[in-house]
Amino acid sequence: MNGKPIARVEPDPDRQSGGTGAEKHPVLALAGNGEEAFANRVRELHGPLLQTAVSYLRNRDAAEEVVQETWIAAIRGLSGFKGKSSFRSWIFVILLNHTKQKLKGERRRKQLLGSALKDGRVETDPVTTAVSQHGAPSSHFTPERLFLAGESGEALRNALATLPAKQQAVLRLRDIEGYTPKEVCSSLGLTPGAERVLHSRARSRLRRLLGPYLKKRVR
Amino acid sequence: MKADTPFPCSRIDEIVYDYLDRTLEPRESQRFERHLGTCPSCASALWETERMLEGLTALKEEPESGVVEALVERFRQESARKTRGKVVELRSHQKKRRDGRPSPGPPDLAQAGPEAAARSGVSWPRLLAAGLAAVSLALSFWVVQLRSQLEDVASVAAVDRASDHDRLASLESQIDASRSELARSQATIRELEEQMTRLLQPQAFVPTAYVYPPTYLRYSGETPTVTVPRTAGFFQLTFVLDDVQGFPALQVSVLRGDGAQVWRSGAVPGDDSGHLTTLFRHGFLPAGAYRAELFGLVDDKRSELARYEWELAYE
């Protein structure tokens, strides 16, 4: 298990010396009193958690909801966290569980809507349309569409959304959040080999997708 | 690999990230850089990769405003809730505080009074007045402290009372549950006792296998199945021996299907009273094929008079 208390963000010296000296919160293993240490944890982990949830759920709103649920579950269960693993690994496990539950719910909803559509009970339903789009993202985005998406950030986001969930999660943590391979492994429960392969495939695929767009920008 | 070997374009995907992360071997880096100078395609690929990675880095977001504060507030509420629950800890903390608190003012002040007076040369009546004022102040302070402590104790006692009340309610519900369980168990016991009594009654020994040989002729017909209740305790095998005359004694053997003898009666005086009864404990004979052989004994000679076969089964 990773011995470092935090993923990659070094403790802020200003925050650390904020009147509480070298005191550490016993559970959060971070300088400062309970609330301060917790706030630091939120600042440090909220982004990575959100990136991971987006990778699996492919929906920003749903991902935000799951991350919120994850934090609340973590707050409730904090007294049960014995510090045997790092806090980051622990909260990522909670996140992945909540994400799985959410995906199950989505799948069930999709099935219900699908059967309703087949029976002709629902003619056009915006939710069904949205769900079917989430279900088949790779055919939805083409390089042309990426190019037409305009701003590079938007194009990149769209391209990212087409990657398979695990590749996407690894890429987001490594290249957006700046996690080290070891940190990604302990957060997502991957072996170093799997992490390496997923990361390399994700980068190649993303560059292939963005190729036409990037070339256009060069000229 | 030699430094002057040209860098193959096909390897760019393999090394480009290591090159950008500065983890590529220095010699390999130099070779790649020399190649970049001559290959616009690889230079363009490098540029694209760099832009892509920059773009990814730019996607990093800080938590939206209010998110951290809302979660910290939630954390605070949860911590407070947990603290309220720890009545025992609160009590021990208060005890510690009471022990650690310095004793109230009056004795100290009274003690300090004369010394201060001696130092400053103040007159006794003034000193006395000042002392009294100090004592009254200290007393009032002490009373306030005492009152707040009493309030604390009262609040703890209130929590205790509430908790005792909860405990009492829980115990009462436990008692109710135990009572109903006891009633259920007693009913079961009664039922079992009745069943036992029924089983021990003489009707349990009503003949269940009744082999009926009306004649001396050897039985060679069908093999009847005799089904015996498993709870009967015993079952009996009755041979009705009509007109068995001319034999001073009779004997019955019971054999398993494979011919092994499982029981043999003693010599029964032969008369024509009609009944020869054997009593078996159930289970003594395992289920299966059996036959009974009836012999007439004359002096030392045995004559088989009849043979009866049956399948024994238990309900």
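The values are calculated or read from the model by the stated rules, or taken from the named source; none is laboratory data. Values in this document were obtained by computation on a predicted structure and should not be read as measured data. Note: ideal-geometry Cβ built from the backbone for every residue, glycine included; neighbour counts use all protein chains shown.
Could you tell me which residue of the stretch A:161-172 is farthest from the chain's Cα centre (by Cα), considering only residues that are crowded, with 23+ Cβ neighbours inside 10 Å and more than 11 Å from chain B (Cβ to nearest Cβ)? Give the steps one after another, and end with the answer.
Keep residues of the stretch A:161-172 that are crowded, with 23+ Cβ neighbours inside 10 Å, which gives A:163, A:168-172.
Those still in the list that are more than 11 Å from chain B (Cβ to nearest Cβ) too: A:163, A:168-170.
On the way: A:LEU163: 13, A:GLN168: 8, A:ALA169: 6, A:VAL170: 9 Å.
Checked the stretch A:161-172; the qualifying residue farthest from the chain's Cα centre (by Cα) is A:LEU163.
Given the conditions (1) within 60 Å of the chain's Cα centre (by Cα); (2) at pLDDT below 75, and given that B:GLN245 satisfies all but one, which numbered condition is not satisfied?
With (1) within 60 Å of the chain's Cα centre (by Cα); (2) at pLDDT below 75 applied to B:GLN245, the lone miss is (1).
Does the stretch A:55-113 hold any residues that are in contact with a helix residue (DSSP H, G or I) (Cβ under 9 Å, 6 or more places away or on another chain) and of a type in the set (Gly, Ala, Ser), and which are they?
A:SER55, A:ALA62, A:ALA63, A:ALA73, A:ALA74, A:GLY77, A:SER79, A:GLY83, A:SER85, A:SER86, A:SER89
Can you name every residue in the stretch A:176-193 that is part of a helix (DSSP H, G or I) and touching a Gly at 6+ places or on another chain (Cβ under 9 Å)?
Answer for the stretch A:176-193, where residues must be part of a helix (DSSP H, G or I) and touching a Gly at 6+ places or on another chain (Cβ under 9 Å): just A:ILE176.
Here's a check for you: in the stretch B:65-92, which residue that is modelled with pLDDT under 85 and within 9 Å of chain A (Cβ to nearest Cβ) is farthest from A:ASN40 (Cα to Cα)?
B:LYS82
Condition first: surrounded by 18 or more Cβ atoms within 10 Å (Cβ to Cβ) and within 13 Å of chain A (Cβ to nearest Cβ). Now tell me which residues in the stretch B:25-45 satisfy that.
Correct list: B:ALA45 only.
Kindly establish whether A:ALA73 is modelled with pLDDT of 85 or more and buried (at least 16 other Cβ atoms within 10 Å of the Cβ).
Considered against the rule, which asks whether it is modelled with pLDDT of 85 or more and buried (at least 16 other Cβ atoms within 10 Å of the Cβ), A:ALA73 comes out as no.
Quick one: would you say A:ALA53 is at pLDDT 90 or above, more than 21 Å from A:ARG174 (Cα to Cα) and more than 12 Å from every other protein chain (Cβ to nearest Cβ)?
Judged against the criteria, A:ALA53 is not a match.
Criterion first (in contact with an Asp or Glu (Cβ under 9 Å, 6 or more places away or on another chain), more than 12 Å from chain B (Cβ to nearest Cβ) and either in contact (Cβ under 8 Å) with a residue 12 or more places away in the chain or more than 16 Å from A:GLN51 (Cα to Cα) (or both)) does A:LEU210 satisfy it?
Spelling it out, it is not the case that A:LEU210 is in contact with an Asp or Glu (Cβ under 9 Å, 6 or more places away or on another chain), more than 12 Å from chain B (Cβ to nearest Cβ) and either in contact (Cβ under 8 Å) with a residue 12 or more places away in the chain or more than 16 Å from A:GLN51 (Cα to Cα) (or both).
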